[in-house]
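Structure first, commentary second.
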Amino acid sequence: MTAVIVVLAIIVALLILLAGASIRILREYERGVIFRLGRLIDQKGPGLILLIPIIDRMARVDLRTITMNVPAQDVITRDNVTARVNAVAYFRVVDANRSVTEVENFLQATSQMAQTTLRSVLGKADLDTLLAERERLNEEIQSIIDQQTEPWGVKVTTVEIKDVEIPASMQSAMARQAEAERIRRAKVIDAEGEAQAASRLADAGDIIARNPTTLQLRYLQTLRDIGNNENTTVVFPMPMDLLEPLQKVVGQMAERQGTAPPEDDAAPQLDAAPEGLERFDREAPERAEVRRGDRGTP
C-alpha cells in the first residue's frame, strides 16, 4: 500500500506539472504567438490558452502603446551649428506574428531606428528650421521610422522632439539678434504711428479750416483738460486770433496821434538817412569855423 500511495503521489505531481506547463492565461492587451516544434502555427489570446507540453512554445506580445525615450543625440545642422536633441516616440505592435518572427527584438530595433533617423533628418535642417518648424520635422521623422518598422508589424504613431540644447555662445548671438529685431519693429511701428497721426492731423486741420468755431471748442476742451490735473503750474495758451483785433486798434490809434509814420513813408526816410549823415559830416568843419569866428578866435 505504501508503494502504491507513493506512485499515485508521483503521478498527481506529474499531472500538476503538466497542467502548469500547458495552461496559459493572457490578458486583454496580450497575444500569444504559438510555435509547435519550431513552426509558427497561430496567434492566440486573450484568455485561457492550452499548450501541448514540451511540444508547444509561446511568446507573449504586448499590444499596448509603448512610450520610448530616444536618447539625446549630438547633431550638426546644415548651417554648421552643434545641437543636442532628444525626442520621444510612441508606437505599438499591430501584428504580433511579424513582431516575433521578422525581428529579434523589436523594441531595440525601433529605438536604434529612431536615433538614426533623428540624426539624419535634423542634420539636413538649419538651426532656425529646427527651432521654428518642429511640427514638420516631427511628421517627417515619424513617417520615415514608420516605413522602416512596418515590415516588423510595428506602427509608429507619433515622434516629438522634446528639447534642443545649443551652445551658450550661440544663445547669446540669438538673443542679440532677437533684440535687434524687436528694436527694428518698434521703430517701424513708431514711424507708422507718426505717419498715421500726421494724416489724421491734416484731416483735422481741413475740418477746422472749414469751420473756425471748432478751433475755439478745441481750445476750451484743452483748458478743461488742464483744469482737471492737479498741477501747481498752469500753461495758458493764448490764441493769436484773439490778438489780431487788438493789434489793429493799437495801430490805428498810433497813426492818428502821429507817433508812428505811415508804412509808405517809412522806407524813403530810412533810405534817405545815410545821405543826411554824409551831408552832416561834410558841413561839420564849416560850422566849427563859423563858431570860432564868432568868438573872436584867430
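The values are calculated or read from the model by the stated rules, or taken from the named source; none is laboratory data. Since this is a predicted model, take the numbers as computed values, not measurements. Cβ coordinates were reconstructed from backbone atoms using ideal geometry, including for glycine residues, and neighbour counts include every protein chain displayed.
Filter region 80-100 for residues that are of a type in the set (S, T, N, Q) and assigned to a strand (DSSP E or B); which is surrounded by the most Cβ atoms within 10 Å (Cβ to Cβ)? The extreme case among them is Asn86. Of all the listed residues (Asn86, Asn80), the sole one being at pLDDT below 90, of a type outside the set (A, V, I, L, M, F, W, C), under 30 Å from Glu139 (Cβ atoms) and in the same structural domain as Ala125 (by TED's automatic domain parsing) is Asn80.
Results for (1) buried (at least 17 other Cβ atoms within 10 Å of the Cβ); (2) over 24 Å from Glu30 (Cα atoms), shown as yes or no for each residue.
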{"position": "Arg78", "(1), (2)": "no, yes"}
{"position": "Gln112", "(1), (2)": "no, yes"}
{"position": "Asp126", "(1), (2)": "no, yes"}
{"position": "Leu130", "(1), (2)": "yes, yes"}
{"position": "Glu135", "(1), (2)": "no, yes"}
{"position": "Gln142", "(1), (2)": "yes, yes"}
{"position": "Glu150", "(1), (2)": "no, no"}
{"position": "Gly153", "(1), (2)": "yes, no"}
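Evaluating Ile76 against the criteria (1) more than 35 Å from the chain's Cα centre (by Cα); (2) in contact (Cβ under 8 Å) with a residue 24 or more places away in the chain leaves one unmet condition, (1). Checked against (1) outside any loop (DSSP other than H, G, I, E, B); (2) assigned by TED's automatic domain parsing to the domain that holds Val159, Glu104 meets all criteria but (1). Within region 1-39, the residues that satisfy the criterion of being out of contact with any helix residue (DSSP H, G or I) (no Cβ under 6 Å at 6 or more places or on another chain) and under 19 Å from Asp95 (Cβ atoms) are Leu26, Arg27, Glu28, Tyr29, Glu30, Gly32, Ile34, Phe35, Arg39.
Selection of region 107-130 for residues being among the basic types (Lys, Arg) and either part of a helix (DSSP H, G or I) or without any contact (Cβ under 8 Å) to a residue 12 or more places away in the chain (or both) yields only Arg119. Can you name the residue in region 1-31 that is without any contact (Cβ under 8 Å) to a residue 60 or more places away in the chain and closer than 19 Å to Leu63 by Cα and is also farthest from the chain's Cα centre (by Cα) among such residues? Selected residue: Arg24.
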